[in-house]
Every structure is written in C-alpha cells, then in structure tokens.
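The values are calculated or read from the model by the stated rules, or taken from the named source; none is laboratory data. This is a predicted model, so every value here is computed, not measured. Here the Cβ is made from the backbone with ideal geometry for all residues, glycine too, and neighbour counts use every protein chain on show.
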Amino acid sequence: IDQYVIADNNIAYQVIGVYDNEDIYDNNPPGYIPFTTAQMLYNKGYGFRRIDFTVVGLPTKEANEKFVERLRQRMGTLHNFDPADRSALYVRNTAEDMLEAQSIFFIITAFIIVIGIASLLAGIVGVGNIMLITVKERTKEIGIRKAIGATPFSVLKLIIFESILITTVAGYIGIVIGVGITEGISTIMANAPSDGPSIFKDPTVDLSTVIWATVVLIVAGTIAGLIPALKATKVSPIEAMRAE
C-alpha cells in the first residue's frame, strides 16, 4: 500500500488497497482505478465506449431482458437516442449465456441421474438374484430354524439384513473408489499449469452426497432382499428337511 506500480502506457498508479478473492481462478486478477480517472487518462474526459458492471437479483432470462430494456430506456433518455435503435447502444448480457450453460449442465446432470438409476436397478436385480440363490441353498437351514421355533418375521429380518449388508458393503466400496478417483483427479488438476479458470476445478464429492448415497443403499438393499425374504418365510419345515 502507498507504493507505485507502472501499468499501461507507463502510467504510475499509487496502490491504496489490496483485495483477496479466492473465488477468482485467474493468474492475472484485475486492478481497479476510479472511473473519473479512467475517463481522463484513456478518453480525454469525454466518456467511455464500453462499461462492464455486475447486477444481482436477475435469476431468470425474462428478468435479464427486462433489465436490459430499462437500461436502454435510461441511457436513451440521458444521451438522446431512441431506445429501440439497437445500433445506438450495444448491450451484451453474459447472464443469458450463463443461463444457457446452466441448461446444458442440467441436461448432463439429468442424463447422469438416469444412468445412475439404471445402474442401481441393475444392482438391485443382481443382489435379489443372489439372495434367491442363497435362500434356495439354505432351505434346510431355514426349515430347521422354523422347526425349533423361529418366527416368519425373524426369518424375514435375517434375509433382509443380509441383503442390506451385501448392498451396503459393496456400495461403500464403490463410494470409496469413486471418492479416491475424484480426489486424485482434483490433485492432478490443482498441480497442472492453467492459463485461466476451469469449470471442472475441484471435482470432489461433498458430505451430503455421501449421506444420500448411504440412504439409497439401505433402501436398495431392503428392496433387493424383500422377495427372497418373503419366499423364505413360506418354507415349510417338513419340506425343508427333505430338501437336498
């Protein structure tokens, strides 16, 4: 602070403050000077041909279009031109580009969700088939359990618990592998040279996603084991003792 830096056209600027914004991923962060100073230095005090500014509270495309129209009306009144004359004032609203990018990412996210649901359904079917085979192979065991007093509910609980255990353990192994891969990619990208911002910075999984994945795994395990468990509760002890 209070030091001088030589900038554009060999002009010396006195530093009056330094800001730190961690959200800006840029190797060349901007420097700011007073607007009136910029007018005097770069356009001889006659104004500017271009002004960049940020407006908050415009979440939709319609809101952005209304703001641009209000801006044209206001600038037309101040500088005596027809607001409908698009050649008199060019306005580039980057928020519209951002909204279009968000719609593209929404489609990508929806596609990934569909793929995830399809994978989950395939997993449920796979675990269900495993449990059906398990119930068939343990028919004699289930019959003995029921013969010595095991209730249908206890058998049902046993099969569903095993199904949840298999699904959860396998699912957590997949989560750990996935988190490890994303952390590795994040580390590689953080150490890689970059000339500007990256939309794929920090591709990691947050805690809420892991919690939801846990809930989904438990529900999926319950669904996968439900049919085999119901089948196990209908096993007759006498028929089970005769099973090979």
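Set side by side, the residues Glu137, Glu141, Glu100 differ, and just one is among the charged types (D, E, K, R), over 21 Å from Ile175 (Cα atoms) and not assigned by TED's automatic domain parsing to the domain that holds Pro237, which is Glu100.
Criterion applied to Gly31, Gly57, Gly47 was being within 30 Å of Ala190 (Cα to Cα), modelled with pLDDT under 85, of a type in the set (Gly, Ala, Ser) and outside the structural domain of Ala190 (by TED's automatic domain parsing), and the one residue passing it is Gly31. Does segment 12-24 include one or more residues that are modelled with pLDDT under 80, surrounded by 10 or more Cβ atoms within 10 Å (Cβ to Cβ), of a type in the set (Phe, Trp, Tyr) and within 30 Å of Ala190 (Cα to Cα)? The answer is no; no qualifying residue exists.
Residues of segment 1-18 that are more than 42 Å from the chain's Cα centre (by Cα) and of a type in the set (D, E, K, R): Asp2 alone. Only one of the numbered conditions (1) loosely packed, with under 11 Cβ neighbours inside 10 Å; (2) more than 31 Å from the chain's Cα centre (by Cα) is not met by Ser154, and that is (1).
Taking first residues from segment 99-123 that are touching a residue at least 12 places away in the same chain (Cβ under 8 Å) and partners that are outside any helix (DSSP H, G or I), the Cβ contacts under 9 Å between residues at least 6 apart in sequence or on separate chains come to Leu99/Pro59; Leu99/Thr60.
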